Amino acid sequence: MSNRRAYVIAMDGPAGVGKSTIGTMVAKELGYRFINTGEMYRALTWKALEEKIDLKDGKAVVKLAKRLQWEFKTVGEGVVIKTHLDGQGVTLQIRAERVSKNSSIVAGIVGVRTLLRDMQRALGKNGAIVMEGRDITTNVFPDADFKVYLDASIEERARRRTKQLRQHGKPANFEKIKEAIILRDMGDLKRKINPLLQAKDAVVINSTKLSMQETAEMILKLIRSKKRKQISKK
């Protein structure tokens, strides 16, 4: 994909590392779009729960996913892409606790991952996008123009998530959040279908001691350096 002017920037990493915040900063600076692919799985989970579908019935969940009308619309300054199902925005609904507790089940269904992977590839086919998730660098866009794997210590990720929740006026217990992140990591790393992995050619950034802004600036610097090198070779 390196011959395309507008890059596909693929970003993976564990829960709570700040991928969405950092990815949005990078996209905004480059004039690209940004999407958190995890919201697609959450949206399907919410809809399945609403329709009282057994989440362990993979065929039923895939059938639902195929029946739905999926739309992806930019909001705010036209940077962040949000998922809409059957004409309805679901940004608030997918943050419900019941969705958080069950989304990993839906994300582990082979047919769901295949269907959403194809949607994600369609969103990025023309480049100019920053896409984050768990398998973007390894499965969705293994030939992305720029790959980054964001990491941070469990303690720092728990601290960030706790701060984020409290800023939104929600109760947050550091120890419980830390425990939840550990469990989420285990699920992501051990998932049979497209587990969380570090792509061999991804730039790995440990942001434990970096602010979100510093991390975004580091990524932007690396992207611009790569672009300059490509131009100089022409």
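The values are calculated or read from the model by the stated rules, or taken from the named source; none is laboratory data. What you see is a predicted model, and the numbers here were worked out from it, not measured in a lab. For neighbour counting, all protein chains shown are included, and Cβ atoms are generated from backbone atoms with ideal geometry for every residue, glycine included.
Within the set Leu55, Leu68, Leu64, Leu116, the sole residue that is of a type in the set (A, V, I, L, M) and within 22 Å of Thr24 (Cβ to Cβ) turns out to be Leu116. At least 3 residues being surrounded by 16 or more Cβ atoms within 10 Å (Cβ to Cβ) is the threshold, and among the strands (runs of 3 or more DSSP E) wholly inside region 120-234 those reaching it are 129-133, 146-151. Of the set (1) modelled with pLDDT of 95 or more; (2) among the hydrophobic types (A, V, I, L, M, F, W, C); (3) assigned to a helix (DSSP H, G or I); (4) more than 25 Å from Lys221 (Cα to Cα), all apply to Ile105 but (1). Ala128 meets the conditions (1) at pLDDT 95 or above; (2) at positive phi; (3) under 14 Å from the mean Cα position of the chain (by Cα) in every case but one. The failed one is (3). Of the residues making up region 43-61, those that are among the acidic types (Asp, Glu) and outside any helix (DSSP H, G or I) are Glu51, Asp54, Asp57.
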